[in-house]
Number of protein chains: 2
Amino acid sequence: MNEIGIVERIRQMAEVSTQHARVRAPHLILGIGDDCAIFRPRDGEDLLFTTDQMIEDVHFRSTHKAAMIGERALARSLSDIAAMGGEPRFCLVALATPEKNEKWIEAFYRGLLRLAKRTGTVPAGGDLAHSGNDKTHCDVMVCGAVKRGRALRRDGARVGDAIFVSGRLGKPWDRKIEPRLALGQSLVGRATACIDLSDGLSLDLYRLCVASGVAAEIDRVPVVRGATVERALHGGEDYELLFTLPAKARTLAGTTRIGTVVRGSPGEMMFLGRRLEPRGYDHFK
Amino acid sequence: MNEIGIVERIRQMAEVSTQHARVRAPHLILGIGDDCAIFRPRDGEDLLFTTDQMIEDVHFRSTHKAAMIGERALARSLSDIAAMGGEPRFCLVALATPEKNEKWIEAFYRGLLRLAKRTGTVPAGGDLAHSGNDKTHCDVMVCGAVKRGRALRRDGARVGDAIFVSGRLGKPWDRKIEPRLALGQSLVGRATACIDLSDGLSLDLYRLCVASGVAAEIDRVPVVRGATVERALHGGEDYELLFTLPAKARTLAGTTRIGTVVRGSPGEMMFLGRRLEPRGYDHFK
């Protein structure tokens, strides 16, 4: 099968799998099959954009299943939409792979489209290329929407706010990512700041604190069964939400209060009275 | 320099280089530095989205200059925006590179930002990663805008329309790409169909004809000095516009009438009386 044939096959799979989603995203005027996708925004909405790469030997191994890689590639970007309180609208998928076998490409899209359907994310286009070496590389861009001026940001935490995380931290890589879209949407108008945990609690909390110009004191971390506190603090594959609420706000179901925003040098963090350094995953360290 | 430092450096470069562009794109509420970029659409506009990969050993070689690679990566996506008649708004850049040397990354962005500034494309975010092997890979997503319902598409060519291309075809790879944004915008409301020449005239004309359900007869091709007609027909690095106008429309400056849309099997093409096969660049042939 040649490139035209493969793209046509992906287009058909995308249509079948998103007939339900399309009802929820009628504003995609033109999807896969032209130079650009055409999207007609609704009045009174801001749009959110994020893009995340999944690279063989960095974010996954060749032994992982293609469907799981595809699902995870979309899940990582959806986690960013969740962190801003958004509702997903559509995605663009760029895939470069050495596999000339269309079965691998199909399985990758099958995994991705399954999550797309479940979250109302319409596949609107992308780019398919040969990778030029023996490694697979993909990049998924997602557009989400939120009421005008209501997006959650990482720069609004205030001294005295309580700090929360969703779920438990320190998950192993092969645990499915469940983007916290419903939680993020429920935080709109309530949370003062929010970020997703994509590089580890210590590094992402550091980013939130620097953006907000505050310091933080952490006194507990919810840990998944089998993981160490060290991994929960510095591991990098959790995709939970880290957010701040006014001091008197009640704890939401499925979340844990882990500490307090304090006055201090921006980005300074303490864990149980000891200095906590940002040591999450850094691509260029 | 670590990842936080490199991203901060790119953010500063982007701000300095787009102060002018920002005036033209005040609707980017939040750019580089949060989980997502926030964009506030204007009333009465449709948005256009495209993404294109540039891969080492497929689209460029390691001997090419970083600034040229960066500029070309953005130019290829801008060419898609031009083909739909759009005005560029912002871009997201995903870059995976083995170079730990920030000088290479900086030069890549310098080239990309130079073209971004010149075309009013605001850099709004992206993703930076280590490539996991010795190859560089980038993916540039561009958002453009066009008046509601006025985007140029590839599916509107009608029997009897005249077929045009801009510029001359068969360019060598190292010729600068100049995205035909002004021409594309001037075709809105005039052209019946439009596509950019990214994979060679024969393949892109085939795509336009299939989408429109028509056939085509070509009787001439404008060739750049030093190139063959064969290369002009099937070469893949032109990034000119291929478009159709009603039969009686006048020829626009800088464009050449190359043939006519005819009745026939969708995608059937003739060149000077002989069958023309779609033989442009196919990643999976």
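Key figures
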{"quantity": "Portion, in percent, of the accessible area of the protein assembly as shown that falls on carbon or sulfur, probe 1.4 Å", "calculated": "48 percent"}
{"quantity": "Chain A: calculated mean residue ellipticity at 222 nm from DSSP helix runs of at least 4, using -39500 (n - 2.57)", "calculated": "-9000 deg cm²/dmol"}
{"quantity": "Exposure of A:Arg190 as accessible area (Å², to 10), given a probe of 1.4 Å and all protein chains", "calculated": "100 Å²"}
{"quantity": "Positive-end extreme of charge dipole, the protein assembly as shown - chosen from B:Val261, B:Leu28, B:Val165 (charges on Cβ)", "calculated": "B:Leu28"}
{"quantity": "Listed residues B:Ser186, A:Ser202 arranged by accessible area, highest first, probe 1.4 Å", "calculated": "B:Ser186, A:Ser202"}
{"quantity": "Summed residue charge, Cβ within 13 Å of A:Ala162's Cβ, Lys/Arg positive, Asp/Glu negative", "calculated": "+3"}
{"quantity": "Where B:Ser198, A:Ser265 fall by accessible area, highest first, once all protein chains stay in place (1.4 Å)", "calculated": "A:Ser265, B:Ser198"}
{"quantity": "For B:Glu15, inter-copy label distances in nm, listed shortest first [label point 7 Å out on the Cα-Cβ vector]", "calculated": "4.7"}
{"quantity": "Within the stretch A:40-189, percent of DSSP bridges classed antiparallel, to nearest 5", "calculated": "70 percent"}
{"quantity": "Accessible area, probe 1.4 Å, largest first, for residues B:Thr255, B:Thr63", "calculated": "B:Thr63, B:Thr255"}
{"quantity": "Buried accessible area, chains B and A (both chains, 1.4 Å probe, Å² to nearest 100)", "calculated": "5800 Å²"}
{"quantity": "Of all DSSP beta bridges in the stretch A:156-285, antiparallel share, percent nearest 5", "calculated": "85 percent"}
{"quantity": "Label distances, nm, A:Arg40 versus same residue in remaining copies, Cβ-directed 7 Å point", "calculated": "2.3"}
{"quantity": "7 Å along Cα→Cβ, label-point gaps from A:Pro246 to other copies, nm, shortest first", "calculated": "6.2"}
{"quantity": "Accessible area of the stretch B:230-276 divided out per residue, in Å², using a probe of 1.4 angstrom", "calculated": "50 Å²"}
{"quantity": "Length-normalised contact order of the stretch B:170-285 in % [C-alpha pairs under 8 Å, at least 6 apart]", "calculated": "41 percent"}
{"quantity": "DSSP bridge pairs, the protein assembly as shown: antiparallel proportion in percent, nearest 5", "calculated": "75 percent"}
{"quantity": "Cα centroid separation - the stretch B:189-236 against the stretch A:52-129, whole Å", "calculated": "32 Å"}
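The values are calculated or read from the model by the stated rules, or taken from the named source; none is laboratory data. Here the structure is a predicted model, which is why all the values come from computation and not from measurement. Please note: Cβ atoms are built from the backbone with ideal geometry, for glycine as well, and neighbour counts cover all protein chains shown. The protein model used for the area step is the full one, side chains on, heavy atoms only, and it has no ligands, DNA or RNA in it. Shrake-Rupley method; radii C 1.70, N 1.55, O 1.52, S 1.80 Å.
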